[in-house]
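Below is one structure, written out as structure tokens; comments come after it.
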Amino acid sequence: MPNFGFEGGYLLTPGCGNINDLSNCFQKLFEIIVDESIKLQILEDDRNSMLGEMLYDICSGRATRIPHLSPKQCLESLIELGLHKLKRNYFKIITSVDFQIAKDLQDKWNALLVMPHTGRATFTELNVPHTVAQLHYLYQIHTALEFLALVNEARRFPHGVLISVLKNVLNKYVMDMVSNFSYGIRQLCDIAVPICFADIKSCDLLSNCAPSKYRIRMSSNPINSSVITSFHYTRDPLFPNTIYKYNDVSNSAIQEHQLYVTRVETYSDKV
């Protein structure tokens, strides 16, 4: 008798072309469980969902009959399956970097599942506040994993650096925002992570490194005034080529190392 995890339900759904196929898929799953032709494994985290609770009731014998899901309930169950699969995939990646970080994130996830809900609902209705909170939470974790992927692709850093990157980005985009999901999706995300010189040297970060842009900034602060001069060097021009001054660029012997220079000067006086 084969084992069948909660995540296995998601694997059955890609072949469903319409809502009727999805309804038949869930109905067949319930019938198979009742006939005991598969052994169901429901984790505690799975029971915090509408479908997980129904599957547990069927498996434990608490359900007196096979549930029949409406089209709305089928779609809601599909959403829950997708959320739980995405969460597990993300947490597997984070656990591979640091187990304690994954545990802290799991605690935050569990806290979302006990959010107060004043509306009347049964276990056959999707808990909308919980689902929205979970979606926002997974979005923030996705942002953190994007940064982690960028670091991995850029250079093979020591494992300690990856942990530092993950902690910093999670503190900025996840931990401080769990209690408030009223903000919109960020169009631009940034992160600053302190790295010691030993880490830079060990991964040979600066050798054979050709950044696409450089910036030099100089500032002076005479009495009651301030002068800031910035030089911005880029491989590609920031402005149309016609405004740059060239000194016989076509005959330059180091044309492959040519950079465009933009100089910005700022003057300010204290009143």
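Put in line by how crowded their Cβ is, counting other Cβ atoms within 10 Å and starting with the fewest, H232, H130, H84, H68 read H68, H232, H130, H84. Using θ = phi - 60° in the Karplus curve 6.51 cos²θ - 1.76 cosθ + 1.60, the 3J(HN,Hα) couplings for the stretch 143-153 round to 4, 4, 5, 4, 4, 4, 5, 4, 5, 5, 6 Hz; x is entered for Gly and Pro.
As a proxy for reagent exposure, ranking C25, C189 by other Cβ atoms within 10 Å from fewest up yields C189, C25. With neighbours defined as other Cβ atoms within 10 Å of a residue's Cβ, the residues Y90, Y214, Y137, Y267 order from fewest to most as Y267, Y214, Y90, Y137. Cβ-Cβ distance of N221 and Y260, R₀ of 22 Å, FRET efficiency by 1/(1 + (r/R0)^6): the value works out to about 0.15.
Read-outs throughout are calculated quantities, based only on the coordinates presented, and are distinct from any laboratory measurement. In this text the structure is predicted, and so the values were computed from the model without any measurement. Glycine also receives a Cβ, built like all others from the backbone with ideal geometry; neighbour counts cover every protein chain displayed.
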